[in-house]
Each structure stands twice: as C-alpha cells, then as structure tokens.
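What follows draws every value from the coordinates through simple rules; no lab data is involved. What you see is a predicted model; the values in this text were computed from it and never measured. As a convention, Cβ positions derive from the backbone with ideal geometry for all residues, glycine included, and neighbour counts pool all protein chains shown.
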Amino acid sequence: RSVLFLTLFLLFLALFPGAFNCCTEISDEIPKGILRRVERFEIQKAHSLCHLEAVILYVESKKFCVSPRIRKVKKLMKKMKHRIHRKKIHVRKQRRTRVTRKKRTET
C-alpha cells in the first residue's frame, strides 16, 4: 500500500515539478537591502499550477515572494531585463564571409 502511494507521489512530482515550488503568500513590501542583492527573478502567473500572481526574487539561496504591483519591484524587473538585453547586443557576432561565384564566359 505504501509502495503504491510512493509511486503515485513520484509520478505526480515528475508530471508537475513546479507544484511544490509555488508562492502561497506574498509580501506587499520589500526592503531596499534585499532588492539590491537580487540575482534573478521569476514571474508566477495565477493561471498556472500556482493560484497566486507573484514575483519570485532570488537572493543567494533564499527566495522571496512579493506582489507584482510593488513599484520598486516593477522598476527592478525592468532594469534587470534591460541589463540582460544590453548584454546580448554587445556580444560580437561572427563575421560571415560571402562566397561569390565567377560568371562563366561562353567562348
């Protein structure tokens, strides 16, 4: 009986890996000190497996769930997206060499 439960539990985890990684509560305030140390963020949509709209901020090994309506959080997300986008622009592209064919002259 316990083997069946364990099998079903592991199957559920494999099919829905994010089900236990949801924010169940969000904060309406976030200290500036934490905002300065945010390494990355994720947006949790309300229509996914998690039934709450939130922004997940990652600082070192910690996770903070905050409201997506906080002005400071919106500003941070915009700044981080801009920084990521700007990094992609500065990547040096490999130069393509154009192969041209000589026209055949009919004799």
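Figures for the structure shown
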quantity	calculated
Under 19 Å from the Glu39 label point (7 Å along Cα→beta-carbon), backbone N, region 51-71	55-66
Under-5 Å amide H pairs with Gln44, H placed in peptide plane, nonlocal only	Ala54, Val55, Ile56
Sequence-distant aspartates and glutamates (8 or more away, or on other chains) whose Cα lies within less than 13 Å of Lys74	Asp28, Glu29, Glu42
Peptides 74-81, 62-69 ordered by average Cβ neighbours within 10 Å, highest first	62-69, 74-81
Cβ-Cβ FRET estimate between His51 and Ser2, R0 fixed at 30 Å, reported to 0.05	0.50
Net charge contributed by nearby residues that have their C-beta within less than 10 Å of Ile70 (K/R +1, D/E -1)	+3
